[in-house]
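What follows is one structure encoded as structure tokens, with my remarks underneath.
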Amino acid sequence: MNKKLIATIATVAVALTVSSSAIALADNGKGKDRLGSLLSGLVAKGTITQSQADAIVKAQTDAMAAGKAAMETNRAAVDAVVTATLGITADAIKARLKAGESLATIAGAKKDTLIAAITAEINRQIDAAVVAGKLTAAQGAERKAKTAENVTKRVNNLRPPHGDKPGRSDKNGAKPTQSPAAYKSVIKVVKA
């Protein structure tokens, strides 16, 4: 069976046979185990077979691995654009970011060139996702319309010092000066 058919079967089976209270009981709060718990209940009721449940879990695991690999590939491509545009190594950039500099500060006079280069790379990734069928043309156009603004914000924002979590106090009790939203990555190209 193909993965979409299996997922559809599981969704329909859940919708038809499992009450909301059973779903709540199946959720043990561990995220990844939720699906396994839910499918075990469906197998026990005879709604689906164990091999169907195993196929659904495998499809989920494969999809998550493929999504992670795609994100890592896209991130590496953006990193390559940054290092090529600035003419310095990734390690040097990381060290300066950890020291509290923004990409804009590191880029200096090359800031506008850096923003344009990152924007072009992300737009290329969006186009590839549209061609691959991971995004519709409308979704791609919507994301591309926001890319330059999001990249500009990301380049201009400071990252938290190494090891600090956004929105939390540092080891001396000081709160960060920027909102946690300022630290979020703008590279949300493909959700696999």
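The values are calculated or read from the model by the stated rules, or taken from the named source; none is laboratory data. All values reported here derive from a predicted model rather than from experimental measurement. When we count neighbours, we look across all protein chains shown, and the Cβ atoms used for this are built from the backbone with ideal geometry, even at glycine.
Do you know which of the residues in the stretch 46-78 that are of a type in the set (D, E, K, R) and under 22 Å from LEU135 (Cβ atoms) is nearest to the chain's Cα centre (by Cα)?
LYS68
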- For the stretch 83-115, name all the residues that are closer than 15 Å to ASN156 by Cβ, exposed (fewer than 15 other Cβ atoms within 10 Å of the Cβ) and under 25 Å from the mean Cα position of the chain (by Cα). GLY100
- Since GLY163 meets every condition but one in (1) modelled with pLDDT under 90; (2) in a helix (DSSP H, G or I); (3) not aromatic (Phe, Trp, Tyr), which condition does it not meet? (2)
- Screening THR147, THR61, THR152 for residues that are outside the structural domain of ASP33 (by TED's automatic domain parsing), assigned to a helix (DSSP H, G or I) and closer than 30 Å to ARG34 by Cα leaves only THR61
- Query: Would you call ALA65 loosely packed, with under 13 Cβ neighbours inside 10 Å and among the aliphatic types (A, V, I, L, M)?
  - Reply: yes
- Listed by range, helices (runs of 4 or more DSSP H) wholly within the stretch 79-133 having at least 1 residues that are of a type in the set (Lys, Arg), closer than 21 Å to ALA148 by Cα and in contact (Cβ under 8 Å) with a residue 40 or more places away in the chain are 111-131
